[in-house]
1. Once phi is turned into θ = phi - 60°, what whole-Hz ³J(HN,Hα) does the Karplus curve with 6.51, -1.76 and 1.60 give for every residue of region 62-70, x standing for Gly and Pro?
2. What FRET efficiency would be calculated for the residue pair Y23, D134, taking the C-beta separation as r and a Förster radius of 45 Å, to the nearest 0.05?
3. Per-residue HN-Hα couplings for region 175-181, Karplus 6.51 cos²θ - 1.76 cosθ + 1.60 at θ = phi - 60°, whole Hz, x for Gly and Pro?
4. If I stretch the segment between D112 and E6 completely, what's the gain in nm (0.36 nm per residue apart, minus their alpha carbon distance), one decimal?
5. If each DSSP helix of 4+ residues adds -39,500 (n - 2.57) and the sum is divided by the residues in the chain, what number results at 222 nm, nearest 500 deg cm²/dmol?
6. Farthest toward the dipole's positive end in region 7-166, which of G27, G140, V73, given Cβ charges of +1 (Lys, Arg) and -1 (Asp, Glu) about the Cα centre?
7. Residue by residue through region 83-89, what is 3J(HN,Hα) from phi via Karplus (6.51 cos²θ - 1.76 cosθ + 1.60, θ = phi - 60°)? Round to whole Hz and write x for glycine and proline.
8. Treating region 6-50 as a set of equal point scatterers at the Cα positions, no solvent, please give the Debye-formula log₁₀ I(q)/I(0) at q = 0.15, 0.18, 0.28 Å⁻¹.
Amino acid sequence: MTIPHEPEPTRWRLPSGAEADQYGLVGVGADLQPGTLLAAYRGGLFPMPLGRRRIGWWSPDPRGVLPLDGVHVSRSLRRALPRFEVRMDTCFTEVMRRCGDPTRPHGWIDDDFIAAYTRLHELGWAHSVEVFRDGTLAGGLYGVRIRGLFAGESMFHARPPLGTDASKVAVVATVEWLRDTGGQLFDVQWTTDHLASLGVVDIPRVDYLRRLVVATS
């Protein structure tokens, strides 16, 4: 892998992920500068907006993770895999924009987040896994890689039939990439039914933070 460029350190003192409230919220404020984002992920936090102007920093308990030896590939998904072409880091910003489609339920990825993570991508820390079908972007995901950690942020798939299984293919491809490059921890933040079908499990926050130290050291 290309060695990422370390940005200027953050000017903020970010709380520990262990300091979260009952909803997983650790704090509000700061910024989305590269140094701030990296400090947050190294401490077990990730950002999501609170309203239009404020940034919330989260550390949920339990935390969703996908064991790299526990990904579940169903028979139908296995049959679907050859129909897709997987690429990486060829259209990062487009993947983010598709993930942030305002017509999707609970959409939260705005222009500020797209600009911030695109900058992190340019520095070599953020990556996209892109799934194409017949030359058209059908699905994908993006996240932040710090040594053995991959913090998955969001994923999308196009409407059927083009995008059927495309986001699942992206997850499987990400697991293969992590296995091939020394990855140890695939963080998905919160578990959903969709992710659980792929093998995602919940672990206690304290366990996640312990694994995080090992993965990012």
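Read-outs: derived from the displayed coordinates by stated rules, not from any lab. Keep in mind that this is a model prediction, so the values were computed, not measured. Here the Cβ positions follow ideal geometry from the backbone for every residue, glycine too, while neighbour counts run over all protein chains shown.
1. x, 10, x, 9, 10, x, 5, 9, x
2. Values: r = 43 Å, r/R0 = 0.95.
My answer for the efficiency is 0.60.
3. Once θ is set to phi - 60°, the couplings for region 175-181 become 4, 4, 4, 5, 4, 6, 10 Hz.
4. On the way: separation 106, 0.36 × 106 = 38.16 nm, distance 2.08 nm.
Extra length available between D112 and E6 comes to 36.1 nm.
5. Numbers: 7 runs with 66 residues, N = 217.
-8500 deg cm²/dmol, from helical runs alone.
6. So the residue furthest toward the plus end is V73.
7. 6, 10, 10, 9, 10, 9, 6
8. -0.34, -0.48, -1.10
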